[in-house]
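The values are calculated or read from the model by the stated rules, or taken from the named source; none is laboratory data. Predicted model only: the values in this text are computed from it and were never measured. Glycine also receives a Cβ, built like all others from the backbone with ideal geometry; neighbour counts cover every protein chain displayed. For accessibility, only protein heavy atoms count, side chains too; no ligands or nucleic acids. Shrake-Rupley method; radii C 1.70, N 1.55, O 1.52, S 1.80 Å.
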Amino acid sequence: MRLFKNGRARHIFGSYWDINSAAADRIACDKTACFLLLERAGISAVPHELFSARDGDFTRAAKFLDKHKKVIIKPNTGTQGMDIFLCKTQKRLEVAAAAIFEKYSDAALSPFMEIEHEYRVFFLSGQARFIYGKARGDSWQHNLSQGAKAFIAGAAKPETDLSAIEALALRAADCIGINFATIDIAALKNGGLAVMEINSGVQARLLLEQLPHLRPIIKEIYTDALREMFM
């Protein structure tokens, strides 16, 4: 979409808005780069280690599996919970990596972590505008595209410390200098919180399919993002 106001043009490309810098967008889209920045800033985040098809062998990936016993491998720049594999054996890891490398040049390795729930924070210009939770369905994943169920954070789970989730999301967004994003926060079974990833492509279609009464809230966020683009 090409938008005009007062002689100025702005663009929306799919779910990516003309409100973030190119650098912030690329950092958010690169899971390992984003993790490295968060880690160096002392921000709790789920580890992501780069594994490239250019590496030539699976030695480093095999060592990663030996260390953590259960690992997640996913496209380093993937979205919407696609092509994500849980691996417990080297054979499974090799098959999963081969499947990813048919479509992508790089993968990200993460240790499997026990997650109670995952929360998504809509972030816009320094503020956490809305938070909802994602509970697993039949899959081990918390992605709505993979059968997870959305719930209103603080309503279905009143014990949730929303202020801690919000504070972690704000620190993460500030760390990479992003203006508009959804930030996924994992509530770990050990009681801690960790940034799962930062999404510079802001989407709400699957959320609204499950919880259509949230449409006015999401519409207001998008409306304010449009205003921000022309400020």
> Which order, highest average first, do 138-145, 174-181 follow once you tally other Cβ atoms within 10 Å for each residue and take the mean per peptide?
Replying inline: 174-181, 138-145
> Using the Karplus equation 6.51 cos²θ - 1.76 cosθ + 1.60 (θ = phi - 60°), what ³J(HN,Hα) coupling, rounded to whole Hz, does each residue of the range 2-15 give in order, writing x for Gly and Pro?
Replying inline: 10, 10, 10, 7, 6, x, 10, 10, 9, 10, 10, 10, x, 9
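Could you compute the net charge surrounding residue 200? Neighbours are other residues with a C-beta less than 15 Å from the C-beta of residue 200; K and R count +1, D and E count -1.
After counting each charged neighbour, the total is -4.
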>> Solvent-accessible area of residue 215, probe 1.4 Å, all protein chains present, reported in Å² to the nearest ten, please.
In response: 140
> Hey, what number do you get for the chain at 222 nm if only DSSP H runs of n ≥ 4 count, each worth -39500 (n - 2.57), divided across all residues, to the nearest 500?
Replying inline: -10000 deg cm²/dmol
> Between the range 155-231 and the range 1-66, what is the C-alpha centre distance in whole Å?
Replying inline: 16
> Against the longest alpha carbon principal axis of the chain, how many degrees, from 0 to 90 and to the nearest 10, is the axis of helix 31-40 turned?
Replying inline: 80
> What GluC sites (Glu not before Pro) in the range 72-146 are in a loop by DSSP, with at most 11 other Cβ atoms within 10 Å of the Cβ?
Replying inline: 102, 114
> Under unit Cβ charges (Lys, Arg +1; Asp, Glu -1), what dipole magnitude, rounded to 20 debye, does the range 101-214 have relative to its Cα centre?
Replying inline: 240
> Of 31/70; 103/219; 31/63; 31/91; 31/189, which pairs sit farther than 29 Å apart, going by alpha carbon to alpha carbon?
Replying inline: 103/219
> Expressed as a whole percentage, what fraction of the accessible surface of the range 140-230 belongs to carbon and sulfur atoms when a 1.4 Å probe is rolled over the protein heavy atoms?
Replying inline: 51
> Residue by residue through the range 99-105, which ³J(HN,Hα) values in whole Hz follow from phi under the Karplus form 6.51 cos²θ - 1.76 cosθ + 1.60 (θ = phi - 60°), with glycine and proline marked x?
Replying inline: 5, 5, 6, 5, 10, 10, 8
